[in-house]
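Asks: First, the structure itself, so that you have it in front of you.
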Amino acid sequence: MSASNPRIVVLGSINMDLITRTPSLPVPGETVLGTSFTTAPGGKGANQAIAAAKSGSPVAFIGAVGDDEFGETLRHTLSSAGVDDSALRTAAGSSGIATITVDDRAENSIVVVPGANGGVRELEDDDRAIIANADILLCQLEIPLDTVVAAFRYARSHGVTTMLNPSPVQDLPDALVANTDVLVVNEAEEARIGHRAHEVEHVVTTLGERGARYRGSESFEVSAPRIEAVDTTGAGDAFAGALAASWPSGPRSAIEWATAAGSFAATRPGASTSSGTRVEIDTLRDAAAR
């Protein structure tokens, strides 16, 4: 693996985000008045692929969009960010969507409808070829679980580092845990997964505004730069994509840089649109160090 700019493949979801802003998140049964509505490309897979590409790594994306109006927009979003979309399928029906509500404290609630993402049920020959030629395979759990397991098994058999962000969190099958090199979770996900996390060699836990924690060959925590958060929606995905792009530099250096990437994303609205370039992330990290 190259010490910089590893070749990354992201297998995952791509959605159109439907974003509403409101002073406070509604509780069950409550109707609140919103202040704005926008649409923006998203999906955890696409967000992480774009973040990794903006970090300077060559990135290929495997997934699916629908043959609706959102599909072409989503494909263009990947290609315009420098992500190789040659393995992005177009399926009959709707693209995936996510309805996102963000309040004035930058907290959010999200409902995801998989759409075409739910049809990514097997690897094609071209997908396998792309994975075998990669340094890192990065996956989430917004596509069928069996596909992620098959991809991780294949990647491991070809010496490709596997990085899993198990979101939305669910019980992890033995085959997935056994073939995961790096687990990237937030505190709630880590608690839900429980002892399974200890079966993975490298565990990176994001701690929100407090930074991130690592457990592996050593244990340590990294503080996050102080920022004024605008929208935390894309922060976790920006962290994961930047972590993959910087992983060859070693856990401590990679996590320090990914933490700055996640913090930078929280200063901007949206998900795929909020991740920073390498220069922007370096600037925030260097300013925080002074």
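Asks: Which of Gly45, Gly159, Gly276 moves most in a GNM of the chain, Cα contacts under 10 Å?
Replies: Answer for the Gaussian network model of the chain: Gly159.
Asks: For segment 126-131, just list the computed ³J(HN,Hα) in residue order, Karplus coefficients 6.51, -1.76 and 1.60, θ = phi - 60°, integers in Hz, with x standing in for Gly and Pro.
Replies: Computed from phi, the couplings for segment 126-131 are 5, 4, 4, 5, 5, 5 Hz.
Asks: Quick one: what do you get for segment 107-218 if you divide its Cα Rg by 2.2 N^0.38 Å?
Replies: The reported ratio for this selection is 1.09.
Asks: Could you calculate the FRET efficiency of Glu221 with Ala92 from 1/(1 + (r/R0)^6), where r is the beta carbon distance between them and R0 is 45 Å, rounded to 0.05? Walk me through the numbers on the way to the answer.
Replies: On the way: r = 47 Å, r/R0 = 1.05.
Plugging the Cβ-Cβ distance into 1/(1 + (r/R0)^6) gives 0.40.
Asks: Report D for the chain in µm² per second (integer): Stokes-Einstein, Kirkwood Rh on Cα pairs, 4 °C, 1.567 mPa s.
Replies: So the translational diffusion coefficient is about 69 µm²/s.
Asks: For every other residue with a beta carbon closer than 11 angstrom to the beta carbon of Leu74, add +1 if it is Lys or Arg and -1 if Asp or Glu, then tell me the sum.
Replies: Working: positive: Arg75; negative: Asp17, Asp68, Glu69, Glu72, Asp85.
So the environment of Leu74 carries a net charge of -4.
Asks: Another question, if that's okay. Explain nothing, just compute: Karplus ³J(HN,Hα) = 6.51 cos²θ - 1.76 cosθ + 1.60, θ = phi - 60°, for every residue of segment 10-24 in order, whole Hz, x for Gly and Pro.
Replies: 10, 10, x, 8, 9, 10, 9, 8, 10, 10, 10, 9, 8, x, 9
Asks: Using the Cα centre of the chain as the reference point, and only Cβ charges (+1 on K/R, -1 on D/E), how large is the resulting charge dipole? Debye, rounded to the nearest 20.
Replies: 580
Asks: Loop only by DSSP, 15 or fewer other Cβ within 10 Å of the Cβ. Give me the trypsin sites (Lys or Arg not before Pro) in segment 79-177 that pass, ordered by residue number.
Replies: Here the trypsin sites (Lys or Arg not before Pro) that fit, given the DSSP loop and packing criteria, are Arg105, Arg121.
Asks: Just to confirm a number: summing +1 for Lys and Arg and -1 for Asp and Glu over residues other than Met16 whose beta-carbon lies under 12 angstrom from that of Met16, what do you get?
Replies: Working: positive: Arg75; negative: Asp17, Asp68, Glu69, Glu72.
Combined, the nearby Lys, Arg, Asp and Glu give -3.
Asks: What's the local net charge at Ile97, with K and R +1, D and E -1, over the other residues with C-beta under 13 Å away?
Replies: Charge balance in the 13 Å sphere: -4.
Asks: For a label point 7 Å from the Cα of Glu69 along Cα→C-beta, name the residues of segment 10-33 whose backbone N is under 19 Å from it.
Replies: Label zone hits: 15-20.
Asks: Per residue of segment 45-53, what does 6.51 cos²θ - 1.76 cosθ + 1.60 with θ = phi - 60° give for ³J(HN,Hα)? Whole Hz please, x for Gly and Pro, Karplus curve as stated.
Replies: So the Karplus estimates, Gly and Pro as x, are x, 5, 4, 5, 5, 5, 4, 5, 5 Hz.
Asks: Just from its helices, what would the mean residue ellipticity at 222 nm be for the chain, if runs of 4 or more DSSP H residues each count -39500 (n - 2.57) and the sum is divided by every residue, rounded to the nearest 500 deg cm²/dmol?
Replies: -10000 deg cm²/dmol
Asks: Over the chain, calculate the relative contact order: mean separation of alpha carbon pairs under 8 Å at least 6 apart, over the residue count, as a percent.
Replies: Computed value for the chain: 19 percent relative contact order.
Asks: Follow-up question, since we're still on this one. Given the convex hull over the Cα atoms of segment 44-189, what projected area results after averaging over all orientations, in nm²?
Replies: Directional mean of the projected Cα hull area for segment 44-189 stands at 9.3 nm².
Laboratory data are not the source of any read-out in this text; all were calculated from the coordinates shown. Fair warning: this is a prediction, and the values are worked out from it, not measured in the lab. Methodologically, a virtual Cβ is constructed for each residue, glycine included, from the backbone with ideal geometry; neighbour enumeration extends over all protein chains shown.
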